[in-house]
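> The structure follows.
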Amino acid sequence: MPRDPEIDQLRAQVDCRTVLERAGWLLDKAGSSRRTQKFRQGSGLIIIVTHDGRGWFDPLDGTRQGRGDVLALAQRVWRINFSEARAALRPLAGIAPTLILAPGEADKPPLARTALLRIWRRTPRPRPGSPAWNYLNSVRAIPSASLAHPGLARLLREGRHGEAWFAHRDIAQGGELVGWEMRGPEYKGYRARAQKGLFAVGVKTSEARRIVVCEAAIDAVSLAALESWQAGSLYCSTAGGWRAGGLAHAGLLALLAARPTPHLVAATDNGTGGELLARRLRDLAADKDAPFARLSPPPPYGDWNDQLLAQAGSATA
């Protein structure tokens with residue numbers, strides 16, 4: 001039988017932990033480690049997730065049916081057949097798990113937005129020569145002129161370990177700070193106990209005529225630099241996948257509600273994950289009768305920062 005590319009895409013882009021959460025399972029933090037996560041349902045059902053969410057096994061089931069990939073997991077926990085599992089997994093592509101803790105485990109609640117804002121305000125901005133500035137400018141090849149862009153400067157901070165913070169906002173509710181992406185030489189992640197919104201930089205949101213959506217803030221800023229901050233463009237990051245009804249989704253809907261309707265541009269990475277996210281953006285544009293375009297980094301580059309780094313290397317060669 002010929003290989004089905006969508007099956008490979010689902011295996012690569014749907015996290016087993018997301019499936020378990022959607023099925024009502026909860027994380028057992030005490031029984032988890034850096035490499036494996038233990039999920040429970042009720043008092044007797046256990047699933048161990050492995051390989052960064054790509055595999056799983058039931059420690060109480062020694063049969064071949066007690067382990068497998070995300071398609072096998074969906075069939076098991078939802079009690080559906082293969083075709084039904086395939087359809088159920090499509091909307092979950094690229095959606096990160098929230099890792100909700102099982103009852104009875106001590107864990108800190110989400111930070112209030114006022115607390116996040118206090119942390120943000122007392123954290124310095126990157127400046128020429130600082131660790132985060134050097135990382136963005138020298139390691140990631142983002143030009144100094146882009147780092148000094150007034151819109152970007154307001155959305156950047158420098159963490160205590162020299163990592164750059166990129167602000168995410170609740171675009172649908174006035175642009176309030178809700179969290180931030182963090183990138184550095186030795187760290188990549190999102191602010192714990194915070195929500196994902198939209199990183200959005202460029203023109204004012206009310207003036208955007210082109211909504212350019214990337215998977216990471218580094219790529220959004222890289223593409224802005226490559227395009228010399230194209231007029232009318234708002235460069236956005238969803239920090240990976242987003243869930244329907246979440247702040248990123250609501251923010252995109254709010255941006256598309258402007259008149260005239262802006263163009264929605266899927267500027268996601270090359271590869272399976274980027275194509276799946278681009279497909280979701282295409283569907284969103286169709287639902288809102290918005291013009292749509294797919295913008296991909298030219299081969300052989302995987303993302304926009306890859307292209308920016310290559311151009312910077314050519315310029316200095």
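> Out of Ala310, Ile211, Tyr187, whose Cα points farthest toward the positive end of the dipole of the chain (charges: +1 Lys, Arg; -1 Asp, Glu; placed on Cβ)?
Tyr187
> Please report the Cα spread of the range 1-93 along all three principal axes, rounded to whole Å, starting with the longest.
Its Cα atoms span 41, 24, 23 Å along the three principal axes.
> While we're on this one: Putting +1 on Lys and Arg Cβ atoms and -1 on Asp and Glu Cβ atoms, find which of Ala30, Ala200, Pro124 reaches farthest to the positive end of the dipole of the chain.
My answer, from the dipole projection, is Pro124.
> Need one number: % antiparallel among DSSP beta bridges in the chain, to the nearest 5.
Here the share of antiparallel DSSP bridges comes out near 70 percent.
> Can you list the HN-Hα couplings for the range 22-30, worked out from phi with the Karplus curve (6.51, -1.76, 1.60; θ = phi - 60°), rounded to whole Hz and with x for Gly and Pro?
Result, ordered by residue: 5, 8, x, 7, 10, 6, 9, 5, 5 Hz.
> Right, here's the next one. Taking K and R as +1 and D and E as -1, what net charge do the other residues with C-beta under 13 Å from the C-beta of Lys196 add up to?
Spelling it out: positives minus negatives among the neighbours equals +1.
> Something else: When you count, for each residue, the other Cβ atoms within 10 Å and take the mean per peptide, how do 114-126, 85-97 rank with the highest first?
Per-residue Cβ counts within 10 Å, averaged per peptide and sorted highest first, yield 85-97, 114-126.
> Something else: With +1 assigned to the C-beta of every Lys and Arg and -1 to the C-beta of every Asp and Glu, and no other charges, what is the dipole magnitude of the chain about the Cα centre in debye, to the nearest 20?
So the magnitude is around 840 debye.
> Sequence-distant or interchain residues sharing an amide H contact under 5 Å with Ser32, placed H: which?
For Ser32, whose amide H was placed from the backbone, the distant partners under 5 Å are Lys38.
> Can you classify the range 71-229 as rounded, prolate or oblate using the Cα gyration tensor, where a ≥ b ≥ c are the square roots of its eigenvalues, rounded means a/c under 1.5, and otherwise it's prolate if a/b beats b/c and oblate if not?
prolate
> Computed over the Cα atoms, what is the radius of gyration of the range 194-317 divided by 2.2 N^0.38 Å, N being its residue count?
Relative to the 2.2 N^0.38 Å estimate, the range 194-317 comes out at 1.02.
> Amide H neighbours of Asp15 under 5 Å, counting only residues 5+ apart in sequence or on other chains, H built in-plane at 1.01 Å?
Residues meeting the criterion, in which the H sits 1.01 Å from N, are Gly94, Ile95.
> When only Cα pairs under 8 Å and 6 or more residues apart are kept, what is the percent relative contact order across the chain?
Result for the chain is 13 percent.
> Taking the Cα centre of the range 123-252 as origin and charging only Cβ (+1 Lys, Arg; -1 Asp, Glu), how large is the dipole, in debye to the nearest 20?
220
> Shifting gears a bit: Taking the Cα centre of the range 1-120 as the origin, how large is its charge dipole in debye, to the nearest 20, when only Lys and Arg (+1) and Asp and Glu (-1) carry charge on their Cβ atoms?
Using Cβ point charges on Lys, Arg, Asp and Glu, the range 1-120 gives about 260 debye.
> Please say if the range 36-139 is rounded, prolate or oblate, where rounded means a/c under 1.5 for a ≥ b ≥ c the square roots of the C-alpha gyration tensor eigenvalues, and otherwise the choice is prolate for a/b larger than b/c and oblate otherwise?
Prolate.
> Write down the Kirkwood hydrodynamic radius of the range 149-194, to one decimal in angstroms, obtained as one divided by the mean of 1/r over all alpha carbon pairs.
That comes to 11.2 Å for the range 149-194.
> What is the P(r) of the chain, as percent of Cα-Cα pairs per 20 Å bin from 0?
Taking all Cα pairs of the chain, the binned fractions are 30, 56, 14, 0 percent.
> Report P(r) for the range 272-317: all Cα-Cα distances, bin width 5 Å, range 0 to the bin holding the largest distance, values in whole percent.
5, 19, 20, 17, 13, 11, 8, 4, 2, 0
> When a/c is below 1.5 the answer is rounded, else prolate if a/b is larger than b/c, else oblate, so apply that to the range 183-255 with a ≥ b ≥ c taken from the square roots of the Cα gyration tensor eigenvalues.
Oblate shape, in that a/c is at least 1.5 and b/c is the bigger or equal ratio.
> Can you check what the net charge comes to around Phe166, using other residues whose Cβ is under 9 Å from the Cβ of Phe166 (Lys, Arg +1; Asp, Glu -1)?
With Lys, Arg at +1 and Asp, Glu at -1, the neighbours total +1.
> Please list 3J(HN,Hα) in residue order for the range 170-175, calculated via the Karplus relation 6.51 cos²θ - 1.76 cosθ + 1.60 where θ = phi - 60°; whole Hz, with x for glycine and proline.
Karplus values, whole Hz, x for Gly and Pro: 8, 4, 6, 10, x, x.
The numbers here are math on the coordinates, done by the rules we state, and not lab data. Predicted model, so just to flag it, every value in this text is computed and none were measured. Methodologically, a virtual Cβ is constructed for each residue, glycine included, from the backbone with ideal geometry; neighbour enumeration extends over all protein chains shown.
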